[in-house]
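Reviewing the structure listed below.
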Amino acid sequence: MTNKLNKVIILGTAHPFRGGLAAYNERLAKAFSDRGINTEIVTFTTQYPSFLFPGKTQFTDQPSPIGYKITRLLSSINPFSWIKTGFYIRKQKPDLIITKYWLPFMGPAFGTVAAIAGFRRETIRLSILDNVIPHEHRPGDKFFTKYFIHFTDAFIAMSDSVLHDLKTFTKRKPALFNPHPLYDHYGNPKSKEDACKIIGVDPNFNYLLFFGFIRDYKGLDILLDAMAMVGPKKPKLKLIVAGEFYNNSEPYLQQIKNLQIDDYIVLKTDFISDDKVADYFSAADVIVQPYKTATQSGVTQIAYHFEKPMIVTNVGGLPEIVPHMKTGLVSEPSSKAIASAINTFYDLPSNYFEKGLAEEKKKYSWDRMLDSILSIILQLNKSKNEQ
């Protein structure tokens, strides 16, 4: 192994698949390519069986990114493809394999690929961890994760809480914390007036934004209860819910009806494509993440890119990334506390968080992530040399 990287392969979600995982892997590939490193993403033929996928479609209609190669080989449910993918990657003789790990369901596929592809002593196997212990537990989670970790050499956790969880599986392999870099590929901010016109809302209102796939742990129900407390006292305030339901939508729709808050809610519950993200963030005053559990969230890094303040709950890694009263407000995960945070936000001057956001976002560069990866490589090389 050397400290110089000539060939990097990223294993995981990428075009034609959509969503935050694909966006992350593609942006990471661009960061390597920008440094002149030969980079390839090996992605799925089948990511999830259609009956297991909670959304409308797994695929994007956006054009494929340029600047690096994307190869579709891996089926998460076909062990023969795991072997084929492993030998394909081994044949490429990469210096580094990076796997973005978010779900134990992927552990058998990723672990098997890593075992075969990493047979070469010169190849380092690194995982960037979204989660080690998932938000929604399923049988086999610990076994699948343990299997994957066994065939991985080093780890970068995107929150301290994930780094702590990793220690329940391994304490001897190199691991460090590096926060989620900015999602800076969604274009530039727009004027509120233009953004509101595009998404079809009145620019004379104030808007909270709940953004991203809607799942139980993200606490939309808590936020709806908070809106019932705040809305009648702030008739010019509305909540935009922008993102696709990944759970049954009916309980949320019934909740809105029961609370009689239809006038305060704007539902945009289709998948939000990359070219529309700037519109929603530019229309909003503040991004609200009322999560019941969390490790970290890519939504915060979109907010930082657009320099939008946030209201987040005091769970997982969210308070690490959103310093209270500097880039937003940290609340307990209850409707009363979130309602209070919303009121506090609008009591502050409109530019209160501008300086803090501009300063804090500097921490979340892709260069910093690449430097962390190189640091891990140095640790592994030093350990090898000492053996």
* **Separation in nanometres of the label points that stand 7 Å from Cα toward Cβ, at ASP367 and PHE143** => 4.7
* Asked: Tell me, what does the Kirkwood hydrodynamic radius of the chain come to in angstroms if you use every pair of distinct C-alpha atoms?
  -> 21.8
* For the peptides 351-363, 216-228, what is the packing order when you average, over each peptide's residues, the other Cβ atoms within 10 Å and list the highest mean first? -> 216-228, 351-363
* Which is farthest toward the positive dipole end of the chain among LEU182, GLN47, LEU259, measuring Cα position about the Cα centre, with Cβ charges +1 (Lys, Arg) and -1 (Asp, Glu)? -> GLN47
* **Residue (of TYR88, ILE240, ILE321) at the positive-pole extreme of the chain, dipole from beta-carbon charges** => TYR88
* Asked: Per the Cauchy relation, a quarter of the hull surface: what is the mean projected area of the convex hull of the alpha carbons in the range 192-363, in nm²?
  -> 8.9
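If Lys and Arg each add +1 and Asp and Glu each add -1, what is the summed charge of the other residues whose beta carbon sits under 12 Å from the beta carbon of LEU357? Walk me through the numbers before you get to the answer.
Numbers: positive: LYS308, LYS326, LYS355, LYS361, LYS362, LYS363; negative: GLU307, GLU354, GLU359, GLU360.
Charge balance near LEU357 sits at +2.
If you put +1 on each Lys and Arg Cβ and -1 on each Asp and Glu Cβ, how big is the dipole of the chain around its Cα centre, in Debye rounded to 20?
Numbers: 47 positive and 38 negative charges, 308 e Å.
So the dipole magnitude of the chain works out to roughly 1480 debye.
Could you order the peptides 151-157, 317-323, 167-173 from most to least packed, using the average number of other C-beta atoms within 10 Å per residue?
Working: 151-157: 22.0, 317-323: 20.4, 167-173: 12.1.
Put in order of decreasing packing, that is 151-157, 317-323, 167-173.
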* Given +1 on the Cβ of Lys and Arg, -1 on the Cβ of Asp and Glu, and no further charges, what dipole in debye does the range 192-363 carry about its Cα centre, rounded to the nearest 20? -> 320
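FYI, it's all coordinate maths here, none of it is from the lab. Note that the coordinates shown come from a computational prediction; the quantities given were computed from them, not determined experimentally. Methodologically, a virtual Cβ is constructed for each residue, glycine included, from the backbone with ideal geometry; neighbour enumeration extends over all protein chains shown.
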